[in-house]
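The next block holds one structure in the form of structure tokens; read it before the comments.
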Amino acid sequence: MPDSPERPQPLGGNEMPRFAGPATMMRLPSRDSAADLDACFLGVPLDIGTSNRPGARYGPREIRSESVLLRPYNMATRAAPFDSLHVADLGDVPINTFNLADSVRIIEEAYRALLLHDCVPLTLGGDHTIALPILRAMREKHGPIGMVHVDAHTDTSEAMFGEAVTHGTPFRRAVEEGLLDPARVVQIGLRGTGYHTDDFDWPRTQGFRVVPAEECWHISLAPLMGEVREQLGSGPVYISFDIDGIDPAYAGGTGTPEFGGLTTIQALEIIRGCRGLNVIGGDLVEVAPVYDTSGNTALLAANLLFEMLCILPGVEYR
Ligand code: MN
Ligand code: MN
């Protein structure tokens, strides 16, 4: 499909060497506004909500850097997102790195402005705190939201060090504030050590489906995703993908790694299994490049964001 102003293609590797040219996501055009866009990538370079290793503030920049290797067509699913959607890179949200509460306010306002347009945001994080203000803006537009949440952690702690808003608490707050439709939420990949043996029970009591990593070991997740599609139905769905859901053997460049995690193949099965759902947005969070010596974590993150783009409503398959 030829390049057009209505639906620009990513800058190709035969037009400009992949290691050169603009540093946008997939070398897409850079835009200031979501007007006329069907979907966009944007970064939220926040890591002052982290509890252990910091560094996710560099996630958006590094994911964009590794994304230069991505080509426009999905060879497995035959998705051709840029032939059917107008997609661009909206840059980064200018968070206040000296103030978490102010940053959360800035993020919510940025997404409210973005969502005035019919543009589906795919966010490059940033730590998982950012999901809370994004869901607040999403809730205002779409009503209570279903969610596919991939993570080693539930992120439903009551508080951390007495703080209500951190990267370990966003989905507790989201339930309390009525942002989520708990019967339409699934959490996949949970594992590791807890503060109490009942840490994974709170989301279950809310009505979430909880799928610990052990239930994913050695198997295809395609059947699980069939059940997830039935559970989530036709209502709005947000995909929140914490890269630490994946085993640190593949994605060690993150702040709170946990062993015994999902494989990269299972990550593809989860996102491809969201095809057919009414996906209204997604994020890929917790990439901390300073621990990512091979670049594989950011490269995986870039690929998973592309896979999210490929399953959005309206994408053509050829
Ligand atoms: Mn998380
Ligand atoms: Mn996590």
Fill in: Criterion violated by Val210 - all others in (1) crowded, with 22+ Cβ neighbours inside 10 Å; (2) among the aliphatic types (A, V, I, L, M); (3) under 27 Å from Tyr250 (Cβ atoms) satisfied
(1)
Worksheet item: Tell me, which residue of region 155-172 that is away from ligand 1 (no atom under 13 Å from the Cβ), touching a Ser or Thr at 6+ places or on another chain (Cβ under 9 Å) and of a type outside the set (A, V, I, L, M, F, W, C) is farthest from Val186 (Cα to Cα)?
Response: Glu163
Worksheet item: Any idea how many residues of region 280-301 are in contact with a strand residue (DSSP E or B) (Cβ under 9 Å, 6 or more places away or on another chain) and either on the phi > 0 side of the Ramachandran plot or surrounded by 24 or more Cβ atoms within 10 Å (Cβ to Cβ) (or both)?
Response: 9
Worksheet entry | Failed condition for Asp244, given (1) charged (D, E, K, R); (2) in contact with an Asp or Glu (Cβ under 9 Å, 6 or more places away or on another chain); (3) free of Cβ contacts under 8 Å to residues at least 24 places away in the same chain | (3)
Discussion item. Suppose we filter region 247-256 for residues that are in contact (Cβ under 8 Å) with a residue 40 or more places away in the chain and either within 15 Å of ligand 1 (Cβ to nearest atom) or assigned to a helix (DSSP H, G or I) (or both); how many remain?
Written reply: 5
Practice prompt. Output yes when any residue across region 146-155 is touching a Pro at 6+ places or on another chain (Cβ under 8 Å), more than 22 Å from Gly55 (Cα to Cα) and more than 16 Å from ligand 2 (Cβ to nearest atom), and no when none is.
Written response: yes
Discussion item. Quick check on Ala23: is it outside any strand (DSSP E or B), of a type in the set (Gly, Ala, Ser), touching a Ser or Thr at 6+ places or on another chain (Cβ under 9 Å) and over 21 Å from Gly252 (Cα atoms)?
Written reply: yes
Discussion item. So, in region 173-194, exactly how many residues are among the small types (Gly, Ala, Ser), modelled with pLDDT of 95 or more and surrounded by fewer than 19 Cβ atoms within 10 Å (Cβ to Cβ)?
Written reply: 3
Worksheet item: With Gly226, Gly233 as the choices, which residue is modelled with pLDDT of 95 or more and on the phi > 0 side of the Ramachandran plot?
Response: Gly233
Discussion item. Please determine whether any residue of region 190-210 is part of a helix (DSSP H, G or I) and in contact with a Gly (Cβ under 6 Å, 6 or more places away or on another chain).
Written reply: no
Worksheet, complete the sentence: Taking region 211-236 and the residues there that are out of contact with any Lys or Arg (no Cβ under 8 Å at 6 or more places or on another chain) and part of a loop (DSSP other than H, G, I, E, B), the one that is nearest to Ala267 (Cα to Cα) would be Leu221
Response to the item:
Residues of region 24-54 being more than 17 Å from the chain's Cα centre (by Cα) and closer than 17 Å to Thr297 by Cα, in sequence order, are Arg53, Pro54
Worksheet, complete the sentence: Going through (1) in contact (Cβ under 8 Å) with a residue 24 or more places away in the chain; (2) in a loop (DSSP other than H, G, I, E, B) one by one, Ser4 fails only at (1)
Discussion item. What pairs come out if I take residues in region 24-39 that are polar (S, T, N, Q) and pair them with residues that are buried (at least 21 other Cβ atoms within 10 Å of the Cβ) whose C-beta lies under 6 Å away, six or more apart or interchain?
Written reply: Thr24/Asp89; Ser30/Asp89
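The values are calculated or read from the model by the stated rules, or taken from the named source; none is laboratory data. Since the model is a prediction, treat every value here as computed from it, not as a measurement. Cβ coordinates were reconstructed from backbone atoms using ideal geometry, including for glycine residues, and neighbour counts include every protein chain displayed.
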